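Chemist: If you scroll down you'll find the structure; I have some questions about it.
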Amino acid sequence: PGSYNDLPGQRNKKGCKPTERGYYAPPASSEQTPCAAGSVAPNASMGTCDKCAAGTYIDEEGGTVCKACEAGHYCEVGASVALPCKEGSYSNASAGPATRSGARRRFACRDVPPSASWSSRSGCKGRGDTRWAEGGGSHPT
């Protein structure tokens, strides 16, 4: 895994080439394949691609690094796009890559607290912080 042989009729490892970053090759491959959106190959010679962690995404093929999910959006494991939070919720997901424990909670959209009140600019204010959640939410400002 992690190498391919594009020479016809080869049956040994002599002609094998390592995959490039952003590509993978399972055993007995005759070509390298770009990682699908939502997954990356950060190193050369990979036999499979790694799914983006919760809180990150990659929206193109052949990626090497997942991007941090933007504030006001959420990204599940293997995300190929950052999805907007529903109206009335927010996310400050741009805090960086998720950790294994609590990753989903850390990067999920949260409902605006009941103590918040809507302002005239479609924002909501709550106990010493300002949050807005119009058409996709956001994060504390």
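The values are calculated or read from the model by the stated rules, or taken from the named source; none is laboratory data. Owing to the predicted nature of the structure, the values given are computational and were not obtained by experimental measurement. Because the Cβ atoms are built from the backbone with ideal geometry, glycine has one as well, and the counts that use them run over all protein chains shown. Keep in mind that these areas ignore ligands, DNA and RNA; they rest on the heavy atoms of the full protein, side chains included. Shrake-Rupley method; radii C 1.70, N 1.55, O 1.52, S 1.80 Å.
Chemist: Under a cut-off of 15 Å between alpha-carbon atoms, report the aspartates and glutamates in cross-link reach of Lys51, not counting same-chain residues fewer than 8 places apart.
Modeler: The qualifying aspartates and glutamates are Asp59, Glu60, Glu61, Glu76.
Chemist: Measuring with a 1.4 Å probe in the full set of protein chains, what accessible area per residue, in whole Å², belongs to the range 1-41? Walk me through the intermediate numbers first.
Modeler: Working: 2650 Å² over 41 residues.
On a per-residue basis, the range 1-41 sits at 65 Å².
Chemist: Okay, next question. Starting from the Cα of Thr48, step 7 Å along the direction of its Cβ; do the same at Gln10; then give the gap between the two resulting points in nm.
Modeler: Calculated label separation equals 2.5 nm.
Chemist: Still on this structure, please answer the following. Near Asn43, within a Cβ-to-Cβ distance under 11 Å, what is the net charge of the other residues, with Lys and Arg +1 and Asp and Glu -1?
Modeler: Once positives and negatives cancel, what remains is -1.
Chemist: If you place +1 on the Cβ of every Lys and Arg, -1 on the Cβ of every Asp and Glu, and leave all else neutral, what size is the dipole of the range 1-64 about its Cα centre, to the nearest 20 Debye?
Modeler: 440 debye
Chemist: What ranking do 12-25, 46-59, 79-92 get when scored by the average of other Cβ atoms within 10 Å per residue, highest first? Don't jump to the answer; show the numbers that get you there.
Modeler: Numbers: 12-25: 16.6, 46-59: 21.1, 79-92: 18.6.
Ranking, from highest mean packing down: 46-59, 79-92, 12-25.
Chemist: So, counting K/R as plus one and D/E as minus one, what does the shell of residues with Cβ under 13 Å around Gly22 add up to? Please report the intermediate quantities before stating the final value.
Modeler: Working: positive: Arg21; negative: Glu20, Asp50, Glu60, Glu61.
Charge balance near Gly22 sits at -3.
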